[in-house]
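Here is the structure we will look at.
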Amino acid sequence: MSNVIETKSVSRHFGKDETLVKAIDQVDLQIEEGEFTAIIGPSGSGKSTLLQMIGALDTPTSGEVWLAGKDVSAMSSSELSSFRRDNIGFVFQAYNLVPVLSARENIEYVMLLQGISEEERIRRVDEILQEVGLEGREGRRPSELSGGQQQRVAVARAMVSKPSLILADEPTANLDSKTGYALLDMMRNLNEQHTMTFVFSTHDTKIMEYARRIVKLVDGKIVEDTLK
Amino acid sequence: MLVSKLALRNIFRNPRRTLLTLLLISSSLVAIVFTDAFTRGTVQTMVELSTDSLMGQAQIHKPGYRQAPDVNETIHGFSDLASRLDTANSIDGYSPRTVSGAMFSSAYDVTGGSLYGINPDQEAAVTDLEDKLIEGSYLTEGDDQVIIGSELAKRLDIGLGDRFVVTLSRAGDGELSQVLFRVSGIFRYSDRNLDSTLAFVHYDVMAKALQVNGPHQIAVRFKSLEIADDPLNSVWKISSEQWEFLPWRQLAPEINSILEMSGISTMIVSIILYILVAFSVINTMFMSIFERHREFGIQLALGTHARMIFGQLLAEGAIIGALGVAAGLILVTPLLYYGATVGIEYSDIEVSGVAMAKPIILQIEYPEVAKLAISLWFVVTLASVYPAKHASKLVPAIAMRPAI
């Protein structure tokens, strides 16, 4: 198995002098293809920042981030956009759907950016709507969906373009436990069926049980890395 | 497709804000277009009032007469000139006049003024003197008839049928000559200068009193005012050592200056409103962008290129601009229609020495309206470049952070 993610001494600092905050400090991490990994840690430990570095959403203060064998730290803004579009799916804590687009349009957004034909888009969206159990709700805007439904749309959006890596930042934080577990079941099934690499952050100990590998962060440093 | 869909939906996401922005753009266009049409209408009315009055659209004199009017300086070769004017296709009419300074007296008072000798029919084809009569009748057959201004009548305390004695200096020997007239008509131009100093009698009577053989000036009316401005017109060739041809722009340089400045005033109003609109659009778009920081962060995170975010916001600006301009054109249409048909009453207000004795009819120049509308749309679109640039440069991780 090859490394999908590799960080080399990655640091991300905010502020300076007395206000300096080391959100991530010299983190070395390798994640292989098909892993279902949880990054855990208390609030403020740097979980979200590490995911942002891995997802090429922010630039590290120092160090390198390699994704699918490419150094994303050296890519231009335009190259990063294309890379994210073609390789990474995101699921955020606050769902982060585009409010003026319907569920279907949100799901097909990345495919539109990729220039996939309308016929193919319709086919894939119909398929994934069934998988995430949202048939019949595809015409609704995010404001007309419950939190769980919105997060399902977000998962569908992340997966429909078939990226090699899915990053989920506290995906269950805003959901009740039943919906949260259902979502994790779904994510794990998709991981097994499609061999996608899943990396998600959480501080919920019950949810950690779903992961096959747990990386624990404290004060921006990896303090534990456990394979189950 | 995706860009225009997102742009359109975002525009109507906050209808009140969009409506206020559209109102600002449309009312600015209404103001600019109306100002342009009103300025053109005002100048046009001033030109018409001036050229319809005593001045005419052009005048012919003996060279140098206008600088130093003298009863001896009559137009030589008048019959030759008249035959040339008779055959000129572009001329509607011309009116030869004798002109002299004179002393006017009644049984009660005396005052100075200018006496004009005219051929009533020819004068009526050139100026609106006959239409300005408020009492009595225009000059007819009687040799002793005179029509005088309303202020002059008041000053001399005379009315219709009263005696009006003119004392003037004869050409040649300069001897004084007195002629008795009876007031047959009283005119009013609502111009103090014209109404208090002018009197009109028959051409032949005055020529006889002055002992001159030709007119001092010929007022000319063309088939259209534009012809007077056309230096290629054959009438211009009348100018020679013998005859000086002066179009209205040279006869009334102050009105010509106003005409030339009218374009500048519209431009100034336009620039002020364009700047106002541009800053308002920038402000509104920034408000909208700050509210949508997280969304732009999401779009960028999903792989949207910065240029697409830029394009989306530019499209929003262009669509708002187009809608605002369209609304402005719809709003201004009834206003222009009313102003161009009924006119705007400025009754008897004097502007730059011209009494606005008739309603100002708005002059609509459609190419100019199109130019102003397109310029405003361009300004709105251009104003959205700065906020669009800002949004396209957002870092996804920072843009998606929840606002405090």
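The values are calculated or read from the model by the stated rules, or taken from the named source; none is laboratory data. Computed from a predicted model, the values in this text were never measured in an experiment. Note that we place each Cβ from the backbone using ideal geometry, even for glycine, and neighbour counts take in every protein chain shown. Only protein heavy atoms, including side chains, enter the accessible area calculation; ligands, DNA and RNA are left aside. Shrake-Rupley method; radii C 1.70, N 1.55, O 1.52, S 1.80 Å.
Data table
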quantity: Selection count, the stretch A:85-112, where residues are open to solvent by 10 Å² or more (accessible area, probe 1.4 Å) and either assigned to a helix (DSSP H, G or I) or out of contact with any strand residue (DSSP E or B) (no Cβ under 8 Å at 6 or more places or on another chain) (or both); calculated: 12
quantity: Condition check for residue B:54: modelled with pLDDT of 85 or more, at negative phi and assigned to a loop (DSSP other than H, G, I, E, B); calculated: yes
quantity: Test: residue in the stretch B:112-122 that is open to solvent by 70 Å² or more (accessible area, probe 1.4 Å), touching a residue at least 12 places away in the same chain (Cβ under 8 Å), within 15 Å of residue B:198 (Cβ to Cβ) and in contact with a Ser or Thr (Cβ under 9 Å, 6 or more places away or on another chain); calculated: no
quantity: Residue that is farthest from residue B:168 (Cα to Cα), among those in the stretch B:123-155 that are without any contact (Cβ under 8 Å) to a residue 60 or more places away in the chain and of a type in the set (A, V, I, L, M); calculated: B:134
quantity: Verdict on residue A:64 being of a type in the set (Asp, Glu), touching a residue at least 60 places away in the same chain (Cβ under 8 Å), more than 13 Å from chain B (Cβ to nearest Cβ) and open to solvent by 30 Å² or more (accessible area, probe 1.4 Å); calculated: no
quantity: Flag if residue B:191 is touching a strand residue (DSSP E or B) at 6+ places or on another chain (Cβ under 7 Å) and either farther than 19 Å from residue B:97 by Cβ or open to solvent by 20 Å² or more (accessible area, probe 1.4 Å) (or both); calculated: yes
quantity: Residue A:148, sole failed condition from (1) closer than 28 Å to residue A:216 by Cα; (2) within 14 Å of another protein chain (Cβ to nearest Cβ); (3) open to solvent by less than 20 Å² (accessible area, probe 1.4 Å); (4) of a type outside the set (Lys, Arg); calculated: (2)
quantity: Criterion (closer than 24 Å to residue A:189 by Cβ and among the basic types (Lys, Arg)) met by exactly one of A:121, A:141, A:84; calculated: A:121
quantity: Tally, over the stretch A:75-95, of residues that are more than 9 Å from chain B (Cβ to nearest Cβ) and at pLDDT below 85; calculated: 2
quantity: 3 or more residues out of contact with any helix residue (DSSP H, G or I) (no Cβ under 9 Å at 6 or more places or on another chain): qualifying strands (runs of 3 or more DSSP E) within the stretch B:73-150; calculated: B:91-105
quantity: Matching residues in the stretch B:290-319 - criterion: being out of contact with any Ser or Thr (no Cβ under 6 Å at 6 or more places or on another chain), of a type outside the set (A, V, I, L, M, F, W, C) and within 10 Å of chain A (Cβ to nearest Cβ); calculated: B:292, B:294, B:295, B:297, B:299, B:304, B:307
quantity: Count - residues of the stretch B:1-18 that are within 9 Å of chain A (Cβ to nearest Cβ) and of a type in the set (S, T, N, Q); calculated: 1
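This table checks each residue for (1) open to solvent by 40 Å² or more (accessible area, probe 1.4 Å); (2) over 27 Å from residue B:144 (Cβ atoms); (3) in contact with an Asp or Glu (Cβ under 6 Å, 6 or more places away or on another chain).
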residue: B:61; (1), (2), (3): no, yes, yes
residue: B:91; (1), (2), (3): no, yes, no
residue: B:107; (1), (2), (3): yes, no, no
residue: B:110; (1), (2), (3): yes, no, no
